[in-house]
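**Q** The structure under discussion is supplied below as structure tokens; questions concerning it will follow.
The values are calculated or read from the model by the stated rules, or taken from the named source; none is laboratory data. Just so it is clear, the model here is predicted, and its values are computed rather than measured. Here the Cβ positions follow ideal geometry from the backbone for every residue, glycine too, while neighbour counts run over all protein chains shown.
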Amino acid sequence: MILTCILKVNPQRILDVCCGCGTFTAEVAASGGHLIAVDKSHTALLRCRSAVSSDMAGYACMDARQLGFADNTFDFVYERFSLHHMANWERALDEMIRVSSDWILALEPIDDPRNEQKRNTIAAQQLFLDVQHEAGFEHYTHIGSDSLIGAFKCRNLQYEVELQRNDRVIGFDDYFFDFSRFSLATGRPDHWNKQLEALRERLGGGLLCEDDILLIRARKPR
Ligand SMILES: C[S@@+](CC[C@H](N)C(=O)[O-])C[C@H]1O[C@@H](n2cnc3c(N)ncnc32)[C@H](O)[C@@H]1O
């Protein structure tokens with residue numbers, strides 16, 4: 001969804017906010033413009049650097065809520081699946097707007113309890129958030145679509161919204177494939193494994209599914 005927009009508008013200076021390990025960054029880097037990827041994690045940045053082969057890319061370790069760039073430095077600024085990993089995500093949005101001279105894109109997972117699989121997934125996500133929270137990993141409930149859209153609206157941006165509904169089913173064990181990484185980090189894996197088994201029993205073999213995704217494509221008024 002973001003890549004389609006990049007290919008269409010052909011930006012020259014792109015900022016990837018919270019690039020993570022760079023799988024998606026690598027696709028963007030191949031699109032042509034000069035790209036800077038930032039993340040607060042040194043480890044993520046190292047992985048991103050090795051994932052991106054283009055020499056049209058630069059990397060910087062920084063907090064998205066305090067970007068070390070001058071106003072209007074980039075003509076295309078995007079984040080993908082990251083705002084819900086930080087408290088005060090609106091500050092990151094303000095920074096994205098400040099450093100962009102033109103486009104600002106946000107792509108976030110969205111909850112919608114429209115069927116049993118979606119409701120199971122919301123319950124599963126809560127257990128994941130609880131264990132991650134105790135393990136010291138920042139991750140919050142998905143931002144509501146009204147809050148996200150409202151944040152763009154009240155900042156006087158021109159914007160379009162695209163919602164991708166996903167109902168692809170995921171098995172319980174696939175959803176929780178890296179649960180043990182976090183339960184071990186809490187120092188009380190037995191407690192968390194019991195919670196996991198209790199949830200499995202509560203959902204009674206019920207299926208989970210992928211998240212819906214909301215893309216907001218915004219431009220600064222000219
Ligand atoms: C789920 S990953 C998303 C990675 C990437 N955007 C993608 O689409 O694959 C979230 C990333 O946000 C980063 N992150 C979380 N809070 C941050 C903050 N306040 N400033 C910068 N990076 C942050 C994390 O380090 C992590 O790499």
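**Q** Output the residue which, of all residues in the range 130-148 that are among the hydrophobic types (A, V, I, L, M, F, W, C) and surrounded by fewer than 17 Cβ atoms within 10 Å (Cβ to Cβ), is nearest to Q195 (Cα to Cα).
**A** A135
**Q** With within 13 Å of the ligand (Cβ to nearest atom) and part of a strand (DSSP E or B) as the only criterion, which of L105, L67, L46, L3 stands out?
**A** Of the residues listed, the single one that is within 13 Å of the ligand (Cβ to nearest atom) and part of a strand (DSSP E or B) is L105.
**Q** Now for a separate question. Going by the structure shown, is D71 at pLDDT 95 or above, touching a helix residue (DSSP H, G or I) at 6+ places or on another chain (Cβ under 8 Å) and crowded, with 21+ Cβ neighbours inside 10 Å?
**A** Taking the combined requirement at face value, the residue does not satisfy it.
**Q** Exactly one condition in (1) out of contact with any strand residue (DSSP E or B) (no Cβ under 8 Å at 6 or more places or on another chain); (2) farther than 19 Å from S82 by Cβ; (3) basic (K, R) is false for K220; which is it?
**A** It is condition (1) that K220 fails.
**Q** Tell me yes or no: at least one residue of the range 10-18 is near the ligand (Cβ under 10 Å from one of its atoms), over 14 Å from D75 (Cα atoms) and within 18 Å of the chain's Cα centre (by Cα).
**A** yes
**Q** Taking the range 28-43 on its own, how many of its residues are within 10 Å of the ligand (Cβ to nearest atom) and not hydrophobic (A, V, I, L, M, F, W, C)?
**A** Within the range 28-43, residues that are within 10 Å of the ligand (Cβ to nearest atom) and not hydrophobic (A, V, I, L, M, F, W, C) number 5.
**Q** Related question: Given the conditions (1) buried (at least 18 other Cβ atoms within 10 Å of the Cβ); (2) touching a strand residue (DSSP E or B) at 6+ places or on another chain (Cβ under 9 Å); (3) without any contact (Cβ under 8 Å) to a residue 40 or more places away in the chain, report the number of the one that A64 does not fulfil.
**A** (3)
**Q** Being in contact (Cβ under 8 Å) with a residue 40 or more places away in the chain and part of a loop (DSSP other than H, G, I, E, B) is the filter; apply it to the range 82-94 and report the residue that is farthest from V38 (Cα to Cα).
**A** So the residue we want is A87.
**Q** Looking only at the range 126-163, count every residue that is touching a residue at least 24 places away in the same chain (Cβ under 8 Å), outside any loop (DSSP other than H, G, I, E, B) and among the polar types (S, T, N, Q) and tell me the total.
**A** Within the range 126-163, residues that are touching a residue at least 24 places away in the same chain (Cβ under 8 Å), outside any loop (DSSP other than H, G, I, E, B) and among the polar types (S, T, N, Q) number 3.
**Q** What number of residues in the range 6-28 are surrounded by fewer than 17 Cβ atoms within 10 Å (Cβ to Cβ) and assigned to a helix (DSSP H, G or I)?
**A** Counting residues in the range 6-28 that are surrounded by fewer than 17 Cβ atoms within 10 Å (Cβ to Cβ) and assigned to a helix (DSSP H, G or I) gives 5.
**Q** Do we find that L105 is crowded, with 22+ Cβ neighbours inside 10 Å, under 25 Å from L148 (Cα atoms) and touching a Lys or Arg at 6+ places or on another chain (Cβ under 7 Å) in this structure?
**A** yes
**Q** Looking only at residues in the range 29-42 that are over 17 Å from the mean Cα position of the chain (by Cα) and either outside any strand (DSSP E or B) or touching a residue at least 40 places away in the same chain (Cβ under 8 Å) (or both), which one is nearest to G58 (Cα to Cα)?
**A** Residue satisfying both the conditions and the ranking: A29.
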